[in-house]
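A.B. asks: So that we are looking at the same thing, I have put the structure below in structure tokens.
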Amino acid sequence: QVQPVESGGGLVQPGGSLRLSCVVSGSFFRLKSMGWYRQAPGDGRELVAAIRSGGSTTYADSVKGRFSISRDNGKNTVYLQMNSLKPEDSAVYYCNTFPSPNDYWGQGTQVTVSS
């Protein structure tokens, strides 16, 4: 079972950048498609970006051109580079398998975009 540990969140001003990391325990990481999801207070969890085992990527319309997902199979890690951050990007960010997330969710990492 995939067990993710997310990190890299924090408080940043609008227009700033953050890089999130997710280390995944479990077997055969390189064969898994992974996604970054986020959940803001009062909202449901939504997919932000995904990267397939072959390297192709998918982005939510709201983050296209600003966010970039990547992976390092040697480190069992998936990254989310977030640029030009907006207040509406504030949320807890999680990683999980894509397109069907596992039942187990990590603790996530909080991203707050505010001046």
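Laboratory data are not the source of any read-out in this text; all were calculated from the coordinates shown. Since the model is a prediction, treat every value here as computed from it, not as a measurement. All Cβ positions, glycine included, derive from the backbone under ideal geometry; neighbour counts span all protein chains shown.
A.B. asks: Mind giving me the FRET efficiency for residue 81 and residue 103? R0 is 41 Å, r the Cβ-Cβ distance, nearest 0.05 is fine.
C.D. replies: 0.90
A.B. asks: Provide the packing ranking of 72-81, 96-105, i.e. peptides ordered by the mean count of other C-beta atoms within 10 Å per residue, highest first.
C.D. replies: So the peptides 72-81, 96-105, ranked by packing, come out 72-81, 96-105.
A.B. asks: While we're looking at this one, here's another question. I need the chymotrypsin sites (Phe, Trp or Tyr not before Pro) found in the range 22-69, filtered to DSSP loop residues with at most 11 other beta carbons within 10 Å of theirs. Provide the component values of the computation, followed by the final result.
C.D. replies: Numbers: sites: 28, 29, 36, 37, 59, 67; in loops: 28.
Here the chymotrypsin sites (Phe, Trp or Tyr not before Pro) that fit, given the DSSP loop and packing criteria, are 28.
A.B. asks: Could you work out how far apart the two model spin labels at residue 19 and residue 60 are, taking each label as a point 7 Å from the Cα in the direction of the beta carbon, and quote it in nm?
C.D. replies: 2.3
A.B. asks: Then there's this: Could you tell me the center-to-center distance, by alpha carbons, between the range 83-108 and the range 1-74 in angstrom?
C.D. replies: The distance from the Cα centre of the range 83-108 to that of the range 1-74 comes to 6 Å.
A.B. asks: At most 14 other Cβ atoms within 10 Å and a DSSP loop assignment: could you name the trypsin sites (Lys or Arg not before Pro) in the range 1-73 that fit?
C.D. replies: Filter output for the range 1-73: 64.
A.B. asks: Still on this model: Taking 1 over the mean of 1/r across every pair of different Cα atoms in the chain, what Kirkwood radius in Å do you get?
C.D. replies: 13.9
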